[in-house]
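The values are calculated or read from the model by the stated rules, or taken from the named source; none is laboratory data. Since the model is a prediction, treat every value here as computed from it, not as a measurement. Cβ coordinates were reconstructed from backbone atoms using ideal geometry, including for glycine residues, and neighbour counts include every protein chain displayed. SASA here: full protein model, heavy atoms, side chains in, ligands and nucleic acids out. Shrake-Rupley method; radii C 1.70, N 1.55, O 1.52, S 1.80 Å.
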Amino acid sequence: MVNRLVPYVPGEQPKIDNLVKLNTNENPYPPSPRVIAAIQAAAQQGLQLYPDPEATALRQAIAAQHGLAAQHVFLGNGSDEVLAHAFFAFFQHDCPLLMPDISYSFYKVYCGLYGIPVETVPLRADLSLDVAAYARADGAAVAGVVIANPNAPTGVGLPLRQVEQLLRLHPQRVVLVDEAYVDFGGESAMPLIAQYPNLLVVHTLSKSRSLAGLRVGFACGQAHLITALERVKNSFNSYPLDRLAIAGGVAAFEDQAYFEQTRRAVMSSREGLVLALEDMGFQVLPSQANFVFARHPQHDAAGIAAALRARGVLVRHFKLPRIEQFLRISIGTPAQCDALLQALDSVLAGLA
Ligand SMILES: *Cc1c(COP(=O)(O)O)cnc(C)c1O
């Protein structure tokens with residue numbers, strides 16, 4: 001059984017100094033100073049005690065942020081854990097789970113882990129999502145639908161109206177919308193929760209809140225979905241969030257000004273980077289995320305990635321059908337973006 005699993009492979013985290021690391025979509029800015037202070041305070045009181053298994057303070061902070069009640073919020077040790085529990089709770093039926101052919105590669109890993117059959121639905125030629133292709137006119141049963149919005153690794157967003165169409169196509173099944181990148185310009189489905197009992201929206205503090213190292217993710221949905229997730233979680237680990245994560249998470253939602261400032265800085269760097277890449281001849285997909293997905297019509301993507309790496313700049317290349325000629329480049333600080341562009345300049349000159 002174990003030998004049949006195909007695990008997820010994260011982007012590399014090399015232990016080399018001075019790398020320009022634009023390969024795992026981390027936030028280039030550190031977390032809010034208030035988060036650091038809250039974690040330090042939490043470290044000085046009560047670490048000998050288990051944390052609140054319900055993480056009530058953090059659920060309340062998140063609920064308030066999104067105009068929901070705490071009973072509409074489920075927390076996990078990173079959104080990857082939240083996704084795993086959701087797949088276990090909602091998608092184990094004798095029919096396939098629908099997902100885009102190009103999306104977050106962890107989805108298929110969970111399907112492998114839980115024995116969930118998958119049916120991939122091709123994105124359009126421009127790598128946008130075709131909602132109509134998720135209809136099953138022949139009445140064929142589906143286990144549910146999972147999408148990332150904005151999508152990974154393309155950065156392309158799906159308008160809310162089309163998310164709503166997806167919810168209406170399969171009213172009896174859970175439609176999971178993974179909004180890991182939504183704070184960088186996407187349209188969140190949170191406002192649809194009251195209306196759609198089949199909607200589960202998953203968020204993370206890893207990207208827009210600069211807390212990839214703290215491991216906090218959450219799902220929002222109607223109470224019956226949250227109750228189901230709690231049952232799975234309490235059959236697995238009662239304390240997925242430690243005291244430091246709960247304290248840091250609460251502080252992150254209290255410092256809204258810092259959140260706004262850093263996400264706007266990332267979006268503004270993205271606009272500059274897109275223009276500069278286009279000047280170099282790259283075709284860049286429209287991005288609503290903290291990364292861009294780009295291809296160069298004259299140069300092989302794997303070759304560019306390797307040459308950049310030799311110059312100390314890491315970007316992500318996926319050796320997968322349809323996207324083999326693309327590079328996924330995380331948005332760095334202005335200095336990191338400049339370093340990338342300089343390295344690209346010399347790489348492309350060498351390849352010309
Ligand atoms: C980064 C990412 C996640 C995982 O986030 P964690 O909270 O760090 O586990 C989930 N989904 C997508 C699409 C992501 O890009």
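Scanning segment 1-30 for residues that are open to solvent by 30 Å² or more (accessible area, probe 1.4 Å), touching a helix residue (DSSP H, G or I) at 6+ places or on another chain (Cβ under 7 Å) and within 30 Å of Ser268 (Cβ to Cβ) turns up Pro28, Tyr29. Residue selection: Ala257 satisfies the criterion of being part of a helix (DSSP H, G or I), more than 15 Å from the ligand (Cβ to nearest atom) and surrounded by fewer than 17 Cβ atoms within 10 Å (Cβ to Cβ). Number of residues in segment 74-104 that are in a loop (DSSP other than H, G, I, E, B), crowded, with 20+ Cβ neighbours inside 10 Å and away from the ligand (no atom under 15 Å from the Cβ) equals 1. Taken over segment 122-138, the criterion of being part of a helix (DSSP H, G or I) and crowded, with 18+ Cβ neighbours inside 10 Å is satisfied by Val131, Tyr134. Exactly one residue out of Leu160, Leu166 is more than 16 Å from the ligand (Cβ to nearest atom) and open to solvent by less than 10 Å² (accessible area, probe 1.4 Å): that is Leu166.
Take Glu119 and tell me if it is within 17 Å of Ala219 (Cβ to Cβ), touching a strand residue (DSSP E or B) at 6+ places or on another chain (Cβ under 7 Å), open to solvent by 10 Å² or more (accessible area, probe 1.4 Å) and not polar (S, T, N, Q). Against the criterion (within 17 Å of Ala219 (Cβ to Cβ), touching a strand residue (DSSP E or B) at 6+ places or on another chain (Cβ under 7 Å), open to solvent by 10 Å² or more (accessible area, probe 1.4 Å) and not polar (S, T, N, Q)), Glu119 does not qualify.
Among the residues of segment 32-58, those that are within 16 Å of the ligand (Cβ to nearest atom) and assigned to a helix (DSSP H, G or I) comprise Val35, Leu58. Of the residues making up segment 273-304, those that are under 23 Å from Asp101 (Cα atoms) and of a type in the set (A, V, I, L, M) are Val284, Leu285, Ala289, Val292, Ala294, Ala301, Ala302.
Residue pairs whose Cβ atoms lie under 6 Å apart, separated by 6 or more positions or on different chains, with the first residue in segment 6-20 and over 15 Å from Arg309 (Cβ atoms) and the second open to solvent by less than 100 Å² (accessible area, probe 1.4 Å), are Val6/Gly112; Tyr8/Phe106; Tyr8/Val109.
Of everything in segment 139-156 that's part of a loop (DSSP other than H, G, I, E, B) and closer than 16 Å to Gly186 by Cβ, which residue is farthest from the ligand (Cβ to nearest atom)? Restricting to residues being part of a loop (DSSP other than H, G, I, E, B) and closer than 16 Å to Gly186 by Cβ, the top hit is Val156.
When Arg215, Arg209, Arg243 are checked against the criterion of being more than 16 Å from the ligand (Cβ to nearest atom) and either farther than 12 Å from Gly76 by Cβ or touching a residue at least 40 places away in the same chain (Cβ under 8 Å) (or both), Arg243 stands alone in meeting it. Among the residues of segment 186-210, those identified as in contact with a Gly (Cβ under 7 Å, 6 or more places away or on another chain), part of a loop (DSSP other than H, G, I, E, B) and not charged (D, E, K, R) are Gly186, Ile193, Leu205, Ser206. Taking the criterion of being open to solvent by 30 Å² or more (accessible area, probe 1.4 Å) and either of a type in the set (Asp, Glu) or touching a residue at least 40 places away in the same chain (Cβ under 8 Å) (or both), the residues of segment 268-280 that qualify are Glu271, Gly272, Glu278, Asp279, Met280.
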